[in-house]
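J.: The structure follows.
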Amino acid sequence: MSKTSLKHKVAIIGSGNWGSTIGKIVAENAKEHKKLFETTIVMWAFEEDVDVPNDPGLWEKLGAGPVKLSHAINTVHQNIKYLPGVRLPDNLVANSNLQDTVKDATILVFNLPHQFLSMTLSQINGYHRPYARGISCIKGVDVADGTVTLYSEMVMEKLQIYCCALSGANIAPEVVAEKFCETTIGYDSPPMDYKERDGSPRDNRVKVDEQRQSNSKPTHIKLSPIPKEYPPVESSLLKTLFERPYFQVHVVRDVAGVALGGALKNIIALAAGFVTGKKWGENTKAAIVRIGVLEMVEFGRTWFSKSVDERTFTEESAGMADLIASCNAGRNYRSALRSVEKGVPIEEIEETELGGQKLQGISTARAVHEFLSKEGKLDKFPLFASVYEIIENHQSVEKLPSLLRKDPKAQN
Ligand SMILES: NC(=O)C1=CN([C@@H]2O[C@H](COP(=O)(O)OP(=O)(O)OC[C@H]3O[C@@H](n4cnc5c(N)ncnc54)[C@H](O)[C@@H]3O)[C@@H](O)[C@H]2O)C=CC1
Ligand SMILES: O=C(CO)COP(=O)(O)O
């Protein structure tokens, strides 16, 4: 094996509930693997004034008034807004300057609510290293011009770098408390990495949408090789970067399955929340989960069949396991439940009860509905379609069982 003289510099893009948790994991591993990674992990914090919690220790160091989030993280090593009460490692450093955060990084970890990714990538573009590699921890899909795009694909398209995906049954407060769990990395190694980069002519183009069945936008990116002074970026390196004793990583090649599992389960979790809010019991929730898995599989099979391995949905943490966790304790589930209990729209619960955290299920339900509608396939996805109808107030939650019944005559 060739000797490498440089270490990877890892940057986290996002510092919310999950962003800060992944920041903690990566910082812990960077400290333990000093030959592979620079010890300091920089985490981009979207700057905002935050209130200081009523805690004499925090008041002593930060004062009582609102402070900048990045200042608070770097002073008390705690994300007092999005992950309060958790001590973050000293080597996790918040930076409110996005361009400065990415400029020297060789590995970019994208971890922010999906609605902000596109704008954030536009601000990064041109400031990142062309040979950087990305990993998306974001759960959601984007729909524009009738095409569904995974966020790993969006990173590839906008930054012209390779990007893989991480997703699993990973409710952040449980992970950060170091309760045992698993996650899945979908990594489909680009053909050029470290094999023939010493001069021999080769095609190092990667097809961004190679995962899809219907090639509606055949886009290629030309990957820049990572200088040979760096340790190779391959699945084992990513496992080393993310795996902790309490956070077990399994790497598969199915990037699309991993990304779709994380995105689509949020729609199903909303339905599970509606059902619990109505006190319809566990059998009904189990029916929602069962129907939901089938719709996830069908979605992958229909539009990403070249890549999706159906076992990702049933055997990996990114599939069934995430669905179970999210339908019992996720924010989408809890907010849908509260919206039924209080008789208010879910957006109102998001606004008033989540302390600034963002739901991903509502916008994903809308995006998926737009896509299914354009494809003329809404009838094949009754659960996804029903959740959309309920959040748009076209149907009441009471109608959910009848919308899911197989006999169309029973739907009135
Ligand atoms: N929280 C969780 O338990 C888990 C979340 N995820 C996924 O991770 C992703 C990130 O979620 P969280 O870290 O929980 O976010 P969050 O729900 O805590 O959202 C708050 C974040 O949004 C940022 N933000 C607000 N306005 C912004 C703007 N205009 N531009 C850029 N950023 C802005 C805030 O700075 C903060 O970092 C999501 O896709 C989520 O589905 C995945 C696994 C677990
Ligand atoms: O993705 C999650 C757990 O794996 C968290 O889901 P919520 O965003 O609904 O909290």
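J.: Write out, first by first residue and then by second, each pair whose Cβ atoms fall under 8 Å of each other, whose residues are 6+ apart or on separate chains, and whose first residue, in the range 140-160, is touching a residue at least 60 places away in the same chain (Cβ under 8 Å) and under 11 Å from Ile221 (Cα atoms) while the second is among the basic types (Lys, Arg) and surrounded by fewer than 24 Cβ atoms within 10 Å (Cβ to Cβ).
T.: Note: pairs meeting the criteria are Gln160/Lys222.
J.: Among (1) without any contact (Cβ under 8 Å) to a residue 60 or more places away in the chain; (2) touching a strand residue (DSSP E or B) at 6+ places or on another chain (Cβ under 8 Å), which single condition is Leu260 missing?
T.: (1)
J.: Given the criteria open to solvent by less than 20 Å² (accessible area, probe 1.4 Å), among the aliphatic types (A, V, I, L, M) and in the same structural domain as Leu112 (by TED's automatic domain parsing), does Leu92 qualify?
T.: Yes: the conditions hold for Leu92.
J.: Can you find a residue in the range 36-47 that is in the same structural domain as Glu229 (by TED's automatic domain parsing), free of Cβ contacts under 8 Å to residues at least 60 places away in the same chain, more than 20 Å from the chain's Cα centre (by Cα) and within 16 Å of ligand 1 (Cβ to nearest atom)?
T.: So far as the range 36-47 goes, yes, one or more of its residues are in the same structural domain as Glu229 (by TED's automatic domain parsing), free of Cβ contacts under 8 Å to residues at least 60 places away in the same chain, more than 20 Å from the chain's Cα centre (by Cα) and within 16 Å of ligand 1 (Cβ to nearest atom).
J.: Go through (1) free of Cβ contacts under 8 Å to residues at least 12 places away in the same chain; (2) buried (at least 20 other Cβ atoms within 10 Å of the Cβ); (3) not aliphatic (A, V, I, L, M) one by one and return the number of the condition Asn283 breaks.
T.: Evaluating Asn283 over (1) free of Cβ contacts under 8 Å to residues at least 12 places away in the same chain; (2) buried (at least 20 other Cβ atoms within 10 Å of the Cβ); (3) not aliphatic (A, V, I, L, M) leaves (2) as the failure.
J.: Let me ask something additional. Looking at the range 101-128 only, could you name the residues that are open to solvent by 40 Å² or more (accessible area, probe 1.4 Å) and without any contact (Cβ under 8 Å) to a residue 40 or more places away in the chain?
T.: Within the range 101-128, Lys103, Met119, Ser122, Gln123, Asn125, Gly126, Tyr127 qualify.
J.: Return the residue satisfying two criteria in turn: it lies in the range 148-176 and is aliphatic (A, V, I, L, M) and outside any helix (DSSP H, G or I), and of such residues it is farthest from ligand 1 (Cβ to nearest atom). Working first, answer last.
T.: The first filter runs over the range 148-176 and keeps only residues aliphatic (A, V, I, L, M), leaving 148, 150, 154-156, 159, 161, 165-166, 169, 171-172, 175-176.
Remaining after also requiring outside any helix (DSSP H, G or I): 148, 150, 161, 165-166, 169, 171.
Values: Val148: 16, Leu150: 12, Ile161: 19, Ala165: 11, Leu166: 9, Ala169: 9, Ile171: 5 Å.
Looking at residues that are aliphatic (A, V, I, L, M) and outside any helix (DSSP H, G or I), I get Ile161.
J.: Among the residues of the range 1-39, how many are polar (S, T, N, Q) and surrounded by fewer than 16 Cβ atoms within 10 Å (Cβ to Cβ)?
T.: The qualifying residues number 4.
J.: State all residues of the range 4-60 that are assigned to a helix (DSSP H, G or I), under 17 Å from His71 (Cβ atoms) and β-branched (Val, Ile, Thr); if no residue qualifies, say none.
T.: Within the range 4-60, none qualify.
J.: Is the range 72-81 home to any residue that is open to solvent by 60 Å² or more (accessible area, probe 1.4 Å), over 12 Å from Met43 (Cβ atoms) and within 14 Å of ligand 1 (Cβ to nearest atom)?
T.: So far as the range 72-81 goes, yes, one or more of its residues are open to solvent by 60 Å² or more (accessible area, probe 1.4 Å), over 12 Å from Met43 (Cβ atoms) and within 14 Å of ligand 1 (Cβ to nearest atom).
J.: For the range 296-412, which helices (runs of 4 or more DSSP H) that fit wholly inside it have 1 or more residues that are open to solvent by 30 Å² or more (accessible area, probe 1.4 Å), farther than 30 Å from Phe46 by Cβ and not hydrophobic (A, V, I, L, M, F, W, C)? I'd like the intermediate steps shown before the answer.
T.: Details: elements: 311-315, 322-329, 331-342, 346-353, 361-375, 382-391, 400-404.
Qualifying helices (runs of 4 or more DSSP H): 311-315, 331-342, 361-375, 382-391, 400-404.
J.: Also: With the structure loaded, tell me whether Pro66 is in contact with a Pro (Cβ under 8 Å, 6 or more places away or on another chain), surrounded by fewer than 18 Cβ atoms within 10 Å (Cβ to Cβ), assigned by TED's automatic domain parsing to the domain that holds Met119 and not aromatic (Phe, Trp, Tyr) or whether it fails that test.
T.: For Pro66, the condition - in contact with a Pro (Cβ under 8 Å, 6 or more places away or on another chain), surrounded by fewer than 18 Cβ atoms within 10 Å (Cβ to Cβ), assigned by TED's automatic domain parsing to the domain that holds Met119 and not aromatic (Phe, Trp, Tyr) - is not met.
The values are calculated or read from the model by the stated rules, or taken from the named source; none is laboratory data. Keep in mind the model is a prediction, meaning the values are calculated, not measured. In this analysis, Cβ positions are derived from the backbone assuming ideal geometry, glycine residues included, and neighbour counts consider all displayed protein chains. To get the accessible areas, we keep the full protein, side chains included, count just its heavy atoms, and leave off ligands, DNA and RNA. Shrake-Rupley method; radii C 1.70, N 1.55, O 1.52, S 1.80 Å.
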